[in-house]
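Written below as structure tokens is the structure these notes are about.
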Amino acid sequence: MRDETAIISYVNKFVKLSPPEAEALLSAFQKVVVKKRQSIIQPDFPAPYRYYVLEGAMRAYVAAENGQEHTISFAIEDWWITDYNSYLYQQPATMFVTALEDTIALRLSHVKEQELKAQNPKFETFFRIIAERGLAYQQRRIIINLTKTAEARYGDFLDKYPLLAQRVPQYTLASFLGMTTEYLSKLRKRMGSKKT
């Protein structure tokens, strides 16, 4: 079982923290346990926290007026998740963030994040880097969704995230890739038969 210090290893990939800096960072987080199907963010309420996943899986999604769900993002170990627009601007959320598995996460409040960044430029640098990486990822995803076929989108996802594809329910993966569950099921059968 991973403990809270996993986040120090993660941050050290981007900026090297001294022991006192690591302690200051850890003290800003709270460990939370989220049960499968439990929502930690809901539309119309501000998202006061961002979450770093220690163990488990979560997804952020929106529900259309017809009730259809559209998965915006997933988060597994060492990934972050929240409704970023709500978190950054402290306004009502438009997304749900829900656990797909029993999940252990570290949550950081918007207030504590601002305090960390004001205390130490290393924290400012770290949060800037992960924001830039997140923005670049979202841009790549938009381009893929606009320019590639459904089969190519699914193939790309399998290449980049093979374990995630096995962990998340098929309907959430289909909604993330912009297709119906039935179509994804057909794609899986077709692609599986090509490998044999």
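We did not get these values from a lab; they are worked out from the coordinates using the rules stated. In this text, all values refer to a predicted model and were calculated from it rather than measured experimentally. Neighbour counts run over all protein chains shown; Cβ positions are idealised from the backbone, glycine included.
Worth a mention:
- Whole-number D in µm² s⁻¹ for the stretch 60-155, Kirkwood Cα-pair radius fed into Stokes-Einstein, 25 °C, 0.890 mPa s: 156 µm²/s
- Net charge of neighbours whose Cβ lies under 13 Å from the Cβ of residue 142, counting Lys and Arg as +1 and Asp and Glu as -1: +4
- Residue-wise HN-Hα coupling along the stretch 35-41, computed from phi with Karplus coefficients 6.51, -1.76, 1.60 (Hz; x: Gly, Pro): 6, 3, 6, 7, 9, 9, 9
- The convex hull built on the alpha-carbon positions of the stretch 6-118 has an orientation-averaged projected area of 7.1 nm².
- The trypsin sites (Lys or Arg not before Pro) of the stretch 1-96 that meet both conditions, a loop assignment by DSSP and at most 10 other Cβ atoms within 10 Å of the site Cβ, are 13, 16, 35, 37.
- Summed residue charge, Cβ within 14 Å of residue 183's Cβ, Lys/Arg positive, Asp/Glu negative: +3
- Folded to 0 to 90 degrees: helix 121-147 orientation relative to the chain principal axis, Cα: 10 degrees
- About the Cα centre, charge dipole magnitude for the chain (Lys/Arg +1, Asp/Glu -1 at Cβ), debye: 800 debye
- Cα long-axis angle, helix 19-28 against the chain (0 to 90 degrees, to the nearest 10): 70 degrees
- 0 to 90° range, to nearest 10: angle between helix 150-160 axis and the chain longest Cα axis: 40 degrees
- The chain, relative contact order in percent, only Cα pairs under 8 angstrom and at least six apart counted: 22 percent
- Fully extended contour minus Cα-Cα distance, from residue 70 to residue 9, at 0.36 nm per residue: 18.7 nm
- Of all lysines in the structure, the ones whose alpha carbon falls short of 24 Å from that of residue 13, not counting any fewer than 8 places away in one chain, are 31, 112, 117, 122, 160.
- Kirkwood-Stokes translational diffusion coefficient of the chain, alpha-carbon pairs, 20 °C, 1.002 mPa s, µm²/s: 119 µm²/s
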